[in-house]
Amino acid sequence: MRKKNWLLLVLALVLSVFLAACSGGSEESEGTDEGNTESESEGTTEEGGEEAAEVEQILRITDSTEIPTMDPQLSTNTVSSQWLGATMEGLYRVGKDGEPEPGIATGYEVSDDALTWTFNLREDAVWSNGDPVTANDFVYSWRRAVDPDVGSEYGPYMMGGVIKNANEVASGDLPIEDLGVKADGDYTFIVELEKPTPYMESLATFTTFYPMNQSFVEEQGDQFGLEADTLVFNGAFVMSEWNHGEGWVLKKNEDYWDSDTVKLETIDVKVTKDVPTNVNLYNNDQIDRTGLTADFVDQYRSNEEFKTVLNPGVFYLKFNQTRNEALANVNIRKALATAFDKEGIASTILNNGSIAAGGLVAKKFVSDPDSGEDFREINGDLLPYDVEKAKEYWKKGLDELGTDSVTLEYLTGDTETSTNISAFMKNQLETNLEGLSLDIKQVPFKERLRLDTAMDYDIQAAGWVPDYADPNTWLNMWVTDGANNKMGFSSDKYDSMLEKANNELAQKPNERFQTFLDMEKLLIQEEAAIAPMYQEGVAQLWKPYVKDVFKNLIGPEYSYKFAYIEK
């Protein structure tokens, strides 16, 4: 009881000082969002009937941030992933049940050694400019993803060590024509792998692997992906308007191969971070969905239109070991990681269904292939909140550094959630770690991505939403000099474990799973390279007449292909 009262007092003091504009719910996460075998339908889940066509099929929603890019190979974030996923389609897409289902591919064959995948493509798929979608569109886009002149972050990251010669092409040691992809006619796409890849089908749903219309892309040049009229689509919707900073409009793609399934005619998206404004718009029937921050959750919790869901996105602190010598010290990192109350962040500040994160791999995402036990339950909380232990680590670290004080910059977003969490973190860390000064730096989402890429920060509040249904999606980020490492962490032991998991153990699921468990312990418990904070929950209000919007754990966060309005 005393601990709870103390926490509420701290929060009251903190939030009275740090007033900020409201956002659209949870802090934006870095990366892209894919998931595994679960999917939830927002609103109710009755199948559409004849009545669905009798009302105006317009979905009106908001987003808290601008789309950084609509170029599939340059996308590195969940916002771009969401709207690319609504307007584009790869070999596979995420279905209603959360499992990959055929998109442009109708099926595939795999060689006996699991190194050659032959995808058969449908012949009725066309681009919104009328061109057919062919195997050459996949060859072009996959090559573009690892072309050094294009500068994709995700291409080398997602394809390296998976697609034959991807690393060598990305480094410029081989020409792009040597990438392990080729077309056999217009409707057969052949992929050669470096090694067996258990999650290849799931990987094929990811935005980096979407096809691209070569003639259109090259005609647009460096303007491709930046405006509605410099885009071409092959998915369920097309972007008809893009008013930067204000919003965008999607229209049903009448030329989509499965257009008969698509019932929505329009998706109208407005950009706003102000939650009170959004709630008013919702209550006045001007939008159909709104995110809720903590102060609104208690107000609407008993409302039948209130919903929460636990997402697979995990948020954590990244410790940049290259810019500030203090963060190169493992005891300083351990002190920081154990000196703040994760449960307080999840249950009191967020208050939206989020939970304290025990590690990097999300809860209810992947399970032991033998026992079925959840990954998170097996590894537990690897760096639990413990003020006394944090003080011991801190003193030892300061002694090793030969100082009694440390100043660190804390980089975070500019949303209301970011403001509240950073205020809480400053209070917790400076109170529990004597001699620490934490300088908060809040920037827009796009700027935070730039600073992360440049490694221009000390501590960063970041998040990762899984790209495909495998622990590798989180754990391969931290390989030495990896494209998403960006914090100077390096461990020969960790690197060798990752190499083993994705090569000799690729077809030994039990041993591979255990290796991933051990890797997470090394990364967090032994090295404190990152400090888990919380697994993201989302609290929202949804109009009951919105049907069959599916919430995915992999791929775009929402699937609107099956959605409809029924009043």
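Computed values, structure above
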{"item": "Pairwise label distance in nanometres, THR308 with ASP173, each label 7 Å out on the Cα-Cβ vector", "result": "5.0"}
{"item": "Estimated FRET transfer efficiency (ASP149, GLU526; beta-carbon r; R0 41 Å; 0.05)", "result": "0.55"}
{"item": "Cross-link pairs beyond the 30 Å C-alpha cut-off, checked among LYS318/LYS395; LYS182/LYS551; LYS273/LYS318; LYS252/LYS307; LYS164/LYS334", "result": "LYS182/LYS551; LYS164/LYS334"}
{"item": "By average C-beta atoms within 10 angstrom, highest first, the peptides 510-518, 73-81", "result": "73-81, 510-518"}
{"item": "Approximate spin-label separation ALA228-LYS182, in nm, with each point projected 7 Å along Cα-to-Cβ", "result": "4.3"}
{"item": "Rounded percent of accessible protein surface that carbon and sulfur make up, the chain, 1.4 Å probe", "result": "44"}
{"item": "Label point distance in nm, LYS195-ASP456, each placed 7 Å from Cα along Cα→Cβ", "result": "3.6"}
{"item": "Long-range HN-HN contacts of GLU409 with modeled amide H, under 5 Å", "result": "ASP439, ASP458, ILE459"}
{"item": "Phi to ³J(HN,Hα) by Karplus 6.51 cos²θ - 1.76 cosθ + 1.60 over the stretch 56-70, Hz, x for Gly, Pro", "result": "5, 8, 10, 9, 10, 9, 10, 9, 8, 8, 5, 6, x, 7, 10"}
{"item": "Radius of gyration and Dmax over the Cα atoms of the stretch 56-113, both given in Å", "result": "15.2, 52"}
{"item": "At 0.890 mPa s and 25 °C, Stokes diffusion of the chain via Kirkwood alpha-carbon radius, µm² per second", "result": "101"}
{"item": "Reciprocal of mean inverse Cα separation for the stretch 406-513 (Kirkwood radius, Å)", "result": "16.1"}
{"item": "5 angstrom amide H check on LEU436, placed H, neighbours 5+ away", "result": "VAL406"}
{"item": "Calculated P(r) of the stretch 209-342 - Cα pairs past 23 Å, %", "result": "63"}
{"item": "Phi to ³J(HN,Hα) by Karplus 6.51 cos²θ - 1.76 cosθ + 1.60 over the stretch 101-113, Hz, x for Gly, Pro", "result": "10, x, x, 6, 7, 9, x, 8, 10, 10, 5, 4, 8"}
{"item": "Vicinal HN-Hα couplings computed from phi for the stretch 289-302 (Karplus, 6.51 cos²θ - 1.76 cosθ + 1.60; Hz; Gly/Pro x)", "result": "8, 8, x, 10, 8, 3, 5, 8, 4, 5, 5, 10, 4, 8"}
{"item": "Theoretical FRET efficiency, 1/(1+(r/R0)^6), r = Cβ-Cβ of GLU54 and ASP124, R0 25 Å, to 0.05", "result": "0.30"}
{"item": "Total charge dipole magnitude, the chain, about the Cα centre, Cβ charges on Lys, Arg, Asp, Glu only, Debye to nearest 20", "result": "2080"}
{"item": "Cβ-Cβ FRET estimate between THR261 and GLU430, R0 fixed at 45 Å, reported to 0.05", "result": "0.25"}
{"item": "Where the chain is the region considered: accessible area per residue in Å², 1.4 Å probe", "result": "38"}
{"item": "Interchain or long-range residues, amide H under 5 Å from THR290's placed H", "result": "LEU541"}
{"item": "Contour excess over end-to-end distance, with Cα ends at SER111 and GLU499 and 0.36 nm allotted per residue", "result": "137.4 nm"}
{"item": "Protection proxy ranking, peptides 140-146, 453-459, 402-408, 92-98, average beta carbon neighbours within 10 Å, highest first", "result": "140-146, 92-98, 453-459, 402-408"}
{"item": "Over the stretch 394-451: Kirkwood hydrodynamic radius from C-alpha pairwise inverse distances, Å", "result": "12.5"}
{"item": "Alpha-carbon gyration tensor eigenvalues x 5, square-rooted, for the stretch 293-416, Å", "result": "32, 21, 13"}
{"item": "DSSP beta bridges in the chain [antiparallel fraction, %, rounded to 5]", "result": "75"}
{"item": "The stretch 122-164: C-alpha pair distances exceeding 15 Å, %", "result": "52"}
{"item": "Alpha carbon Rg of the stretch 299-353, scaled by the compact-globule rule 2.2 N^0.38 Å", "result": "1.67"}
{"item": "Kirkwood Rh and Cα Rg combined as Rg/Rh, the stretch 133-197", "result": "0.96"}
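The values are calculated or read from the model by the stated rules, or taken from the named source; none is laboratory data. Not measured: the values here are computed from a predicted model. Note: ideal-geometry Cβ built from the backbone for every residue, glycine included; neighbour counts use all protein chains shown. Quick note on the areas: whole protein, heavy atoms, side chains included, nothing else; ligands and nucleic acids left out. Shrake-Rupley method; radii C 1.70, N 1.55, O 1.52, S 1.80 Å.
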